[in-house]
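For reference, the structure is listed below as structure tokens.
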Amino acid sequence: MKQPLYIHNFIPVTAAEGPGNRACLWVQGCAIRCKGCMVPHTWDKHKGRIADTDQLIQQILATPDIEGLTVLGGEPMDQAEALLPLLQAVTAQGLSLMLFSGYTRETLLASGGAAQKAIIDLCDIFVDGPYMQELTDFSRPWVGSSNQRIFFQTPRYQHLESQLNTISNKVEIRINDEGTITLNGMLPQEQFNELRELLKHL
């Protein structure tokens, strides 16, 4: 029986969530629940929505000028079995995969399930480790604390490994037709809160 995939948000094109222009999927639900997490509203799986994964695959593959998919959360590996078919479908068509997990790579490979291990194998870039508030560090792109590791697992992006100090974090602001404002990208918590408060007064 096909397992439901609970998601928080999906953006067809972003330049703030990994190298190049990418689709980005935030899953909903996280068992790790890091202290100081910037997105605690993604912790409760049932506060998300169930995705039509076939439709999502079609949308990703039909989006022009993207080179890959980034998946974060929440915690993607908490829904590995539901997520895996989607990731297999998009990577089979040549899109790259970048995925964030709060679990360490060693933990997942040693004691994770088959779907979790299969997802790691699909990744061009795999980012691991929980956010640790006491180790907050924004000197590298895409991650928020110094314990988190960025694994370049395939030749596709290995040239970036020596260039991380030249890649700046980005933030994107979107305003939809109903006037709802959303932010994505990486900022220190204080700057994120300041920007959010500023946007409330627009």
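Quick check on segment 72-120: of everything there that is among the polar types (S, T, N, Q) and in contact (Cβ under 8 Å) with a residue 12 or more places away in the chain, which residue is farthest from Val13 (Cα to Cα)? In this case the residue turns out to be Thr104. Within segment 103-137, being farther than 19 Å from Trp43 by Cβ, out of contact with any helix residue (DSSP H, G or I) (no Cβ under 9 Å at 6 or more places or on another chain), open to solvent by 60 Å² or more (accessible area, probe 1.4 Å) and not β-branched (Val, Ile, Thr) holds for Glu106, Ala110, Ser111, Asp121, Glu134, Leu135. Taking the numbered list (1) under 10 Å from Gln28 (Cβ atoms); (2) of a type in the set (A, V, I, L, M, F, W, C); (3) without any contact (Cβ under 8 Å) to a residue 24 or more places away in the chain in turn, Ile50 passes all entries but (3). Of the residues that make up segment 14-29, is at least one open to solvent by less than 20 Å² (accessible area, probe 1.4 Å), part of a loop (DSSP other than H, G, I, E, B) and farther than 19 Å from Ile150 by Cα? Within segment 14-29, one or more residues are open to solvent by less than 20 Å² (accessible area, probe 1.4 Å), part of a loop (DSSP other than H, G, I, E, B) and farther than 19 Å from Ile150 by Cα. Quick one: in segment 142-188, which of the residues that are assigned to a loop (DSSP other than H, G, I, E, B) and at positive phi is least open to solvent (accessible area, probe 1.4 Å)? Going through the qualifying residues, I end up with Trp142. Taking (1) touching a residue at least 60 places away in the same chain (Cβ under 8 Å); (2) under 16 Å from the mean Cα position of the chain (by Cα) in turn, Pro12 satisfies each apart from (1).
The values are calculated or read from the model by the stated rules, or taken from the named source; none is laboratory data. These figures come from a predicted structure and were not determined experimentally. Backbone-built Cβ (ideal geometry, glycine too); neighbour counts: all protein chains shown. Note: accessible area is taken over every heavy atom of the protein model, side chains too, but ligands, DNA and RNA are not part of it. Shrake-Rupley method; radii C 1.70, N 1.55, O 1.52, S 1.80 Å.
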